[in-house]
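In what follows, a structure is listed as structure tokens, so that the remarks can point back to it.
The values are calculated or read from the model by the stated rules, or taken from the named source; none is laboratory data. Just so we're clear, the structure is a prediction, and the values are computed from it rather than from any experiment. Methodologically, a virtual Cβ is constructed for each residue, glycine included, from the backbone with ideal geometry; neighbour enumeration extends over all protein chains shown. For the accessible areas, the whole protein counts, side chains as well, though only heavy atoms, and no ligand, DNA or RNA atoms are used. Shrake-Rupley method; radii C 1.70, N 1.55, O 1.52, S 1.80 Å.
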Amino acid sequence: MAVHYRTKGVVLRKKDKAEADRFFDVFTEDFGKIQVLGKAIRKINSKLKSGIDIFCLSEIEFIEGRNYKTLTDATIVNKFYNIPYDFRKIRIVLRISEVLDEFIKGYYKEQDIFNLLKETFIKINNSPKSKNLDLIYYYFIWNFLANQGYSPQLFECVLCKTKLNPYGIYFSCKEGGVLCRHCQNSNNGAKKINSDIVKILRIILKKDWEFLSRVRIEQSSLRLLEDISSEAIFKFSPINV
Ligand SMILES: [Zn+2]
């Protein structure tokens with residue numbers, strides 16, 4: 001008899017197959033990122049239909065088939081109602097999915113990432129008027145990278161260990177954190193940042209969302225944050241490491 005596996009997972013994608021089947025990419029609590037097949041799930045009388053959908057947190061049960069993991073039961077735990085109706089929210093979810101695709105290969109338990117993902121989805125869903133969505137994305141990215149072993153040094157120059165001078169702070173993914181004016185150069189790909197970025201990254205890594213969501217951040221700082229976040233993803237992606 002087939003073994004039934006039970007777990008919870010956040011549904012990141014869905015793709016129709018044949019006439020009535022559908023694949024779901026699910027980031028699960030116990031098996032990492034998996035793909036499950038909902039057989040005949042698009043039929044009107046499907047019992048699975050109401051238990052799983054894109055951008056939901058579902059409790060699922062599946063069996064390991066020869067070619068696919070086949071869904072045998074599904075119950076919605078959190079529907080995250082607001083996400084599918086706001087393209088800005090969908091955009092952030094898709095960006096997160098892409099990062100997970102790039103970094104997470106194979107099926108192994110990633111409890112911390114699952115918890116971070118769940119927390120991030122709750123924040124995206126609850127964000128009023130889509131406020132702070134980019135910040136939620138950076139919150140996910142830097143905590144995700146820290147989980148993967150890439151936590152930047154944010155308190156002193158990575159190379160010479162001097163204290164930061166607010167008038168000359170640089171950031172280098174290659175060196176793994178902030179650099180002073182004397183240590184930055186074109187070889188370490190240092191980028192000039194400001195003390196706001198350092199503060200924001202520290203708060204993000206402390207996971208102090210309460211505080212972070214109330215901080216006023218200049219547009220120019222958000223752009224810098226976007227730059228160094230994209231660079232960090234590129235630099236630490238398993239494809240490029
Ligand atoms: Zn230095």
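Observations on the structure shown:
- Dipole magnitude of the stretch 132-236 about its Cα centre (Cβ charges: Lys, Arg +1; Asp, Glu -1), debye to nearest 20: 280 debye
- Rounded if a/c under 1.5, otherwise prolate or oblate - the stretch 26-164, Cα gyration tensor axes: oblate
- Structural descriptor for the chain: relative contact order 14 percent, calculated from alpha carbon pairs under 8 angstrom and at least 6 residues apart.
- Cα centroid of the stretch 64-107 to Cα centroid of the stretch 145-220, whole Å: 31 Å
- Loop-resident GluC sites (Glu not before Pro) (DSSP state other than H, G, I, E or B) in the stretch 1-60 with no more than 10 further Cβ atoms inside 10 Å of their Cβ: 19.
- Each of the chymotrypsin sites (Phe, Trp or Tyr not before Pro) that DSSP puts in a loop and that has at most 13 other Cβ atoms within 10 Å breaks the chain; the longest unbroken stretch is 1-80.
- Rel. contact order, % - alpha carbon contacts under 8 angstrom, at least six apart, the stretch 132-236: 27 percent
- Counting all C-alpha pairs of the stretch 4-78, share separated by more than 22 Å (%): 9 percent
- Element breakdown for the chain at a 1.4 angstrom probe: carbon and sulfur atoms account for 50% of the accessible area.
- Accessible area per residue, Å², the chain with all protein chains present, probe 1.4 Å: 53 Å²
- Placing pseudo-labels 7 Å out from each Cα toward the beta carbon at residue 107 and residue 223 gives an inter-label distance of 4.6 nm.
- Note: relative contact order over the stretch 1-131, using C-alpha pairs below 8 Å and six or more positions apart, is 25 percent.
- Kirkwood Rh, Cα atoms: Rg over Rh of the chain: 1.05
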